[in-house]
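Student: Let me begin by handing over the structure; questions about it come next.
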Amino acid sequence: MFIANEESLKGKKNISFQSLIQLPGIRLKEISMDEDQFFVSAEIASKYGFCPLCDSKSKHLHSYYCRKLKDLPIISRSVNIELTVRKIFCDNPKRSRKVFSQQLPDKVVSYSRRTSRANERLLHLSKETSANKGSWISEQMMLRVSSSTYLGIMHKCNVSPPAKITHLGIDDWACHKGHTYGTIVVDRETGKTVGVLKSREKEDTAEWLRQYPNIRTITRDRGDCYIQAVSEALPHAIQIADRFHLIVNYSDHVISTVKNLYPDSKQE
Ligand SMILES: [Zn+2]
């Protein structure tokens, strides 16, 4: 059994392998490896938990559940942690809530599939690159996330927009595919993300664009909302339909022409 303590390692010699997987408040139970990954079985060090409703302390065990977490890689292997968390009875007779989950240590974020330090690394990366590139780099870093997950990370990250933007690219992205969409804004000269909006509504987009009256060109998709937002906020800016959407436009036109010429033909 080993409880990691990051601070205690500084300046030490002969550091053990386990100490590299440092997560305060977590006890490592077993580590195994194969060709490209480490498997770490761990549990929350404390047996106690605090009821979130009445704050009473209890170690009256109800059951366990397992959290799977990806951590930063070690010697080119991904690190996969299986963290056992206790469900605990609240023994306070005055409260209706009987069972609660143990609080997670600071280095484990609720609902995240990665440790905080892995998330932080991806957040840093997200300030410097696009979602597709970031997704590719994350794979090389043994921390693979899809481009849509990567966009979600960028969304949480405080993107700091530059003082001046001249050429801008704008597109929508799915926070939850088919449900909620946001807007991603890229400085086309630097290729960096300069804004991530929670919405793709005309008003929200126009409000963001008004901050940059110096924008001269905007590359956008065919959606009415962006066309209207740009026309309203930056009427002098040149709007450019991006290549992908031009090809979509072209193929739509070809299909409708063929349909008009040969109304009985079947479309494959
Ligand atoms: Zn309680």
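Student: If the only charges are +1 at each Lys and Arg Cβ and -1 at each Asp and Glu Cβ, what is the size of the charge dipole of the chain around the Cα centre, to the nearest 20 debye?
Tutor: 1280 debye
Student: Also, I was wondering about something else. How large is Rg/Rh for region 114-158, to two decimals, with Cα atoms and a Kirkwood Rh?
Tutor: With Rh from the inverse mean 1/r over Cα pairs, Rg/Rh is 0.90.
Student: While we're here: According to the Cα gyration tensor, what semi-axes, each the square root of 5 times an eigenvalue, does the equivalent ellipsoid of the chain have, listed from largest to smallest in whole Å?
Tutor: Largest first, the chain gives 47, 23, 21 Å.
Student: Roughly speaking, what is the stretch gain from residue 214 to residue 249, that is 0.36 nm per residue apart minus the C-alpha to C-alpha distance, in nm to one decimal?
Tutor: Result for the pair: 9.7 nm of gain on full extension.
Student: Sticking with this one: Under 19 Å Cα-Cα from residue 29, which aspartates and glutamates qualify once same-chain neighbours fewer than 8 residues away are excluded?
Tutor: Excluding near neighbours in sequence, the set is 6, 43, 71, 82.
Student: Given axes a ≥ b ≥ c from the Cα gyration tensor, I'd like to know whether region 59-143 is rounded (a/c under 1.5), prolate (a/b larger than b/c) or oblate.
Tutor: prolate
Student: Residue 222 to residue 264: extension gain in nm, 0.36 nm per residue of separation minus the Cα-Cα distance?
Tutor: Length gained between residue 222 and residue 264: 12.2 nm.
Student: With +1 on the Cβ of every Lys and Arg and -1 on the Cβ of every Asp and Glu, and nothing else charged, how large is the dipole of region 161-268 about its Cα centre, in debye rounded to the nearest 20?
Tutor: I would put it at about 240 debye.
Student: Is there a quick way to get the dipole size of region 13-157? I mean about its Cα centre, with the Cβ of Lys and Arg at +1 and of Asp and Glu at -1; what is the value in debye to the nearest 20?
Tutor: 660 debye
Student: Would you work out the Kirkwood radius for region 2-108? I mean one over the mean of 1/r across all pairs of different Cα atoms, in Å.
Tutor: Its Kirkwood hydrodynamic radius stands at 15.3 Å.
Student: For the Cα atoms of the chain, what angle does the longest principal axis make with the long axis of helix 116-126, in degrees from 0 to 90, nearest 10?
Tutor: The answer is roughly 20 degrees.
Student: Among 183, 126, 45, whose Cα lies farthest out toward the positive end of the dipole of the chain, if unit charges sit on the beta carbon of Lys, Arg (+1) and Asp, Glu (-1)?
Tutor: With unit charges placed on the Cβ atoms, the residue in question is 45.
Student: Continuing with this model, one more query. By DSSP, what percent of the beta bridges with both residues in region 161-268 are antiparallel, rounded to the nearest 5?
Tutor: Rounded to the nearest five, the antiparallel share is 65 percent.
Student: Quick check on the exposure proxy: order 43, 82 from fewest to most C-beta atoms within 10 angstrom.
Tutor: 82, 43
Student: Would you count, across region 136-268, every pair of lysines whose alpha carbons are under 23 angstrom apart, provided the pair is eight or more residues apart or spans two chains?
Tutor: 11
Student: Moving on to the next point. Treating the angle as unsigned and between 0 and 90°, give the value, to the nearest 10°, between the Cα long axis of helix 243-261 and the longest Cα principal axis of the chain.
Tutor: Between the helix axis and the principal axis of the chain, the angle is about 60 degrees.
Student: Counting residues in region 161-268 as N, plug N into 2.2 N^0.38 Å and put the Cα Rg over that result.
Tutor: In units of the globular-protein estimate, region 161-268 measures up at 1.27.
Student: Report the full-extension gain for the segment residue 57 to residue 241: residue separation times 0.36 nm, less the Cα-Cα distance, to one decimal in nm.
Tutor: Full-extension gain reported as 60.3 nm.
Student: Then there is this: Any chance you could count the Lys pairs in region 53-114 whose alpha carbons are under 21 Å apart, treating pairs 8 or more apart or on different chains as valid?
Tutor: Eligible lysine pairs with Cα atoms under 21 Å apart amount to 11.
Every number in this text was worked out from the coordinates using simple rules, so none of it is lab data. It should be emphasised that the depicted structure is a prediction, and the values quoted were computed from it without experimental measurement. Every residue, glycine as well, gets a Cβ built from its backbone with ideal geometry; the counts of neighbours run over all protein chains shown.
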